[in-house]
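Notes follow the structure.
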Amino acid sequence: MRSGGASPLKGDITVPGDKSISHRALMLSSQALGTTTISGLLEGDDVLNTAKALQHLGVNIRQSNHVWEVDGVGIGGLAESDSVLDMGNSGTSTRLLMGLLSAYPFTTFFTGDDSLRSRPMGRVVTPLAQMGAKVTARTGMKLPLSLTGSPDSMPIDYHLPVASAQVKSAILLAGLNTPGITTVVEPQPTRDHTENMLRYFGFKVKTEKMDDGAVSVSVRGYQKPEYENRTLTVPGDPSSAAFVIVAALICPHSSVFIRNVCVNLLRTGLITTLIEMGAKIELHNERDVAGEPVADILVVHSPLKGITVPASRVPSMIDEYPILAVAAAFAEGVTVMEDLAELRVKESDRLSAILESLQACGVEASAEGDTLSVTGGKPRGGATIKTRFDHRIAMSFLIMGMATAQPVTVDDVTSIQTSFPNFVNLINGIGGHIRDLRNPTVRRHHEPLVVAVDGPAASGKGTLARRIAEHFNLEYLDTGSLYRAVGMKIVYAGKEPSDVKAAEEAARSIDAEDLANPRLRQERIGQAASIVSAFPEVRQALLDFQRKFAGSSRGAVLDGRDIGTVVCPKADFKFFVTATLYARAKRRHRELQGQGIEVIFESVLDDLRERDERDEKRSIAPLRPSEDAFIIDSSTHDADAVFDLVRQVILRKYPALAA
C-alpha cells in the first residue's frame, strides 16, 4: 500500500478494543465460573487465535454481532487439546497460555507463523520450569515447542531480570493453579491489566511497592470466586489510538476526537512524551470501566520539538516507539529514545526496522547500542518500507507518508490484521489517502458504481442509502422493503409469518407495485418481515432479484442486513451503519409519532431488541459487517454528518465522481 497527500484529519472516532486486555478477558473469563459477556473485544487475528486455543482446551466460546460469551470452566478445568495450538503471530497469547497450562498434567504443543517461530520463549520458560513445567523447544527456546505441566506445581518468588508484563502475567496465571503464594517482583512497573482483571473476576491479588522502586505482585493458588454471570467491556487500545494521535499531530489543521480509550498510567507513556514535545492532547470524560481507567482523547495538530525519552518510560510505551519515531521525524531538533533493547525481540528486530525505514525516507537517524536518535524536520519520504511482517512498522510508516514530501509505500500490510483490522478504512475515513497498489482505484466512466449499506433496524441506513443514490445519480433499492412485501402478502392473506412455504411463495410473486405499497411501513409488517427474512428459502428467492438490480447500468445503492456479505460481496463500497439500541429506539419512536401512530417507547425498544436477536442468530447470513466494511456509529451523529462522511470516503477513492 501507498500513503500520501492526506487532507486535514477531522473526525469523531473509536479505535479497536485493547489487544492486551482482550487476550486477558478471554483467558480469565475461562477461569471464573459463570458466563462472561464481553463487548468491545478486538477481533484481530491475534485475539482470535487466543479464542481458538481456548476452545481447543475445552472452553465454550460463542460470538454474535461482536458480542462474545465465555462459559468459565474454573481453576483446573481446562482439558488437553487434541491438536497443536497455532498461535499465529501472537507472542502474548503464547506466553500467557503457557503460564495458564503449566500446572496441568498433560502436554500441549504450540506453534505459530514464521515471525513467532523466530522469537525466543526462554524468558517465560525459565520461571515456569522452576514451578515444575517441562518444555521441549528448538534451539534458542523457539517454537514449535511442547509444554508438559506438573500436577505438583510449586509456588515461586521470582525476580524478573527485565521488566516484562508478559512474563509477569504468565507466572501469575500459573500461580492460580498452584498451591501456596506465587510472587513476581518486577524492577519497574509494567502493564497491570492482568492484576486489574483478576480483581474484577473476584481473585485476590496483592501488590506492594518496594523501597528500591520495584513492585511485588502476589497471588494465592486455588482461589474459587463465587459463580457469577458477568459483563465486561474492553476499552479502546491506546496502542491503536497512537497511530491516529500522531497522524493528527503531523497533518496540518487536523483535529480528531477519539472515544473510549484505555488511559491506564502504565500505558500512556506515549501521550506523556508527546505532550512534553508540545502536542495539544486533552483527556475528557475520565472514568473507570471494569477496573481500567478510560477517557476520550482530543488531539489537535501541533508543532513538536525533540526531547530525550528516559529509559524509565519504556514499559509504559514499548509498542509505541515505531510511531513515536515517526513523530520525532517531524519534530524540531533531536529526539533521543533510551534503552530500547526490548524492541529487538518483538515481531521483528523493531529497532533495526525503525532505523532502516527512517533513513530510507531521508530522516537523519542513528542507533548507538540500544539508544535511538532522530533528527526531525520535513522528511522526504518516497521510499518502499520493508515491514518484516511487523504490523506496527507497517502502520507507522503509512502514517508517516501522510505528511512527507513524497508518498511512502509499504511492501506488506497483511500483518495489520493482527491488531487493527479496520486501520486503512478508519484512516481514509478521516482524511487519509492510503491506496492498495494491487487494486488500482482508477475508475472508467462506463463502470457502474455499486454501494452496499447494511445495519440493524432504525440505524439510519435507509436515509443514508437514499441520499447516496440521489447525490451520485444511482438506482436505489431498500432490500428491507422486499422482506416487508413478503410479510405484507402473508399478513393480508391471513397467514402466519412463521409459515415457511407461504413466505417462499410470496417472495417469488413480488412485483414493483408491492414495493410501492404504503402498507409496507406498518409496524406489524415490519415485525413479520424480520421473521420471514430469517428463512433461507425466502432469502434465496429474493437473492436473484437483488443481484439483478445491483447490475443496473446506472449503478445502484442497496441497503439491508446482508448486502455487503451476501448480496454484493464485491460492491465498490460497503458501509455498515449502527447505533446503540436506545438511540435507534428513540428514532423509531419519533418516526412513528410523526406518522400519527401512538406507541409506547418501551414497546419500540423491546421490538428492536427482538429484531436484533433474530437478525444476529439466524443461520443464513446473520447480521454482521463484512470484513472490509466501513463501520459508522450514528448514535451521536445526525443524518447530514453521516452522509458527509460517506461522501468524502467515496470521493477520496474516486475523485472524478465529484462531477
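Taken together, the values in this text are just the output of simple stated rules run on the coordinates, not laboratory data. Worth saying up front: this structure is predicted, and the values here are computed from it rather than measured. Quick reminder, even Gly has a Cβ in these numbers, built from the backbone with ideal geometry, and neighbours come from all protein chains shown.
Key figures
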read-out: Loop sites in segment 551-659: GluC sites (Glu not before Pro), DSSP, at most 12 other Cβ within 10 Å; value: Glu598, Glu627
read-out: Residue order, fewest to most beta carbons within 10 Å, for Leu270, Leu605, Leu645; value: Leu605, Leu645, Leu270
read-out: Pairwise Cα inverse-distance average, inverted: Kirkwood Rh of segment 105-195 (Å); value: 13.7 Å
read-out: Calculated P(r) of segment 450-658 - Cα pairs past 21 Å, %; value: 52 percent
read-out: Reduced Cα scattering model of segment 505-614, Debye log10 I(q)/I(0), q = 0.12, 0.24 Å⁻¹; value: -0.53, -1.40
read-out: Longest DSSP-loop-exposure-free segment, chymotrypsin sites (Phe, Trp or Tyr not before Pro), the chain, at most 15 other Cβ within 10 Å; value: 228-659
read-out: Angle between the chain longest axis and helix 165-176 axis [Cα atoms, degrees, rounded to 10]; value: 90 degrees
read-out: Length gained when the stretch Gln595-Tyr227 is fully extended (0.36 nm per residue, less Cα-Cα span); value: 127.6 nm
read-out: Proxy reagent accessibility, fewest Cβ within 10 Å first, across Ile281, Ile490; value: Ile281, Ile490
read-out: Filter on Lys19/Lys386; Lys386/Lys574; Lys548/Lys586; Lys134/Lys204; Lys461/Lys570; Lys461/Lys586 - keep pairs with C-alpha separation over 26 Å; value: Lys386/Lys574; Lys548/Lys586; Lys134/Lys204
read-out: Anchor Lys495: aspartates and glutamates whose Cα lies under 16 Å away (excluding residues fewer than 8 positions away in-chain); value: Glu504, Glu505
read-out: Global form of segment 26-70, assessed from the alpha-carbon gyration tensor, a/c cut-off 1.5; value: oblate
read-out: Around Lys305: net Lys/Arg minus Asp/Glu count, Cβ-Cβ under 15 Å; value: 0
read-out: Euclidean distance of C-alpha centroids, segment 240-313 and segment 629-659, integer Å; value: 26 Å
read-out: Neighbour-count order for Met154, Met98, fewest beta carbons within 10 angstrom listed first; value: Met154, Met98
read-out: Pairs of alpha carbons in the chain whose separation is greater than 37 Å (percent); value: 42 percent
read-out: Stokes-Einstein D for segment 560-614, Kirkwood Rh over Cα pairs, 25 °C, 0.890 mPa s (µm²/s); value: 189 µm²/s
read-out: Convex hull per residue volume in Å³, alpha carbons only, for segment 166-265; value: 120 Å³
read-out: Length-normalised contact order for the chain - Cα pairs under 8 Å, 6+ apart - percent; value: 12 percent
read-out: Debye-sum result for segment 421-554 in log10 I(q)/I(0), which assumes one identical scatterer on each alpha carbon, at q = 0.13, 0.18 Å⁻¹; value: -0.68, -1.04
read-out: Whole-Å semi-axes of segment 19-233's equivalent ellipsoid (Cα gyration tensor); value: 23, 21, 17
read-out: Centre separation in Å (Cα based) which lies between segment 200-220 and segment 1-48; value: 26 Å
read-out: Kirkwood hydrodynamic radius of segment 491-545, from inverse mean 1/r over distinct Cα pairs, in Å; value: 11.6 Å
read-out: Helix 91-101 vs. the chain, principal-axis angle (Cα, 0 to 90°, nearest 10); value: 70 degrees
read-out: Hits among lysines - C-alpha to C-alpha of Lys378 under 19 Å, sequence gap 8 or more where chains match; value: Lys305
read-out: 16 Å Cα-Cα reach of Lys653 towards aspartates and glutamates, excluding residues that sit fewer than 8 places from it in its own chain; value: Asp436, Glu447, Asp572, Asp628, Asp644
read-out: On Cα atoms only, tilt of 19-31 relative to the major axis of the chain in degrees; value: 90 degrees
